[in-house]
1. Work from the charge dipole of the chain (Cβ charges, +1 for Lys and Arg, -1 for Asp and Glu, about the Cα centre) and give the residue of 240, 207, 102 farthest towards its positive end.
2. Need one number: convex hull volume per residue for segment 128-207, Cα atoms only, in Å³.
3. Once the other residues with Cβ under 14 Å from the Cβ of residue 320 are scored (Lys, Arg +1; Asp, Glu -1), what is the net sum?
4. Can you tell me the relative contact order of the chain? Whole percent, Cα pairs under 8 Å, sequence separation 6 or more.
5. If I take every Cα pair under 8 Å that is 6 or more residues apart in segment 98-192, average their sequence separation and divide by the length, what percent do I get for the relative contact order?
6. For residue 131, list the aspartates and glutamates whose Cα falls under 15 Å from its own Cα; do not include residues on the same chain fewer than 8 positions away.
7. Pairs of Cα atoms under 8 Å, at least six residues apart: use those to get the relative contact order of segment 23-130, whole percent.
8. Between residue 127 and residue 71, how many nm apart are label points set 7 Å from Cα along the C-beta direction?
Amino acid sequence: MKLSAFLLTMAASLAVSDLAHSQQPIVIRFSHVVAPDTPKGRGAEKFKELAHKYTNGRVSVEVYPSSRLYRDIEEFEALRAGWVEMLAPSLSKLGLLGVPEFQVFDLPYLFPDKQALYRVMDGDLGQGLLKKLEPKGVLGLAYWDNGFKQMSANRPLRNVDDFKGLKMRVQAGSRVLESQMRALGAKPVVLPFAEAFPALKQGTVQGTENPVSNFYAERMHQVQKHLTISDHGYLGYAVLVNRKFWEGLPGEVRAGLDRAMKEATVYERESAQKINDDALAAVRRAGTTEIDVLPPEQRAAWSKALEKVRKDSEARIGPEVMRRVREIAVQPGEKQSVVK
Ligand code: LMR
């Protein structure tokens, strides 16, 4: 544990008080792993601003970005122990909390667009998945967006064969992401987000996947010569809060925070696409990374190679969740081009 995290832990244990009866400012420590200038980073800042406004200054949100306090796995431990109150891990990482169903969001070429994702997240299915976190001492307040992921490496990634033998960094907690890299012929290497850039720089892994917002904010374009716009998978987040903390808040404070979270979620989702578009333009301007847009025939070949992942993951995710997601993701009349 880093020293700053240790000091917070000490402070938390000294500051156990009955929030419902205290007029002390209520502090929400919101820890996350990405840079401030990303969809999640900006969403966290928006929530901070709105939480202050809608609770008349009673709540102060402290945002700790860029794994300043905790890295991927440690942050779950910190949330459950009450060393921080809020996180927004990727849905992929929720496997670390023992809810494998969230990996449905990792399935390659399953969701045709963001609207399909929002239908799943905001409907009964997505809300039901968040409920599964409650026995773990965690409440899921909202789904936040980043965007579709792209592949990068130090060689062009156009045909499935181009992946052969590459070590590709993937996120912790998702067997689907590991299977995806294997199905393409690459070797998945699980690393915390904070270690992705150093590993790419040192060459211990040769490639990775992420939306361009994370790719650019982490300066991966300085160490990756090729980026393929493949939109092969999705990266989204669940905003989580320590359940005991949340349920111990005075009702009017919680109402203010609910309102702040609702508005921050709208803002976060609306900003995500633009942040990714701006990041892509910035990577282009930097001139260090060649950008390929995957043409439809190659996209179809990638999707075919990944069909096995969609099929094999059925048992882990649960056939009922898979069936409902397929039903919700593809609306009648929509072209079912990549959803098998
Ligand atoms: C990653 O580890 O690649 C992402 O989940 C980071 C993030 O939170 O966007």
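Each reported figure results from applying straightforward, stated rules to the coordinates on display, with no laboratory input. Every value quoted in this text rests on a predicted model; they were computed, and no experiment measured them. Here Cβ is always computed from backbone atoms with ideal geometry, including for glycine, and neighbour counts include all displayed protein chains.
1. So the residue we want is 207.
2. Convex hull of Cα atoms, per residue: 125 Å³.
3. Net of charged neighbours comes to +1.
4. 26
5. So the answer I get is 25 percent.
6. The reachable aspartates and glutamates, counting only those whose Cα sits under 15 Å from residue 131, are 101, 122, 247.
7. Relative contact order, segment 23-130: 26 percent.
8. 3.8
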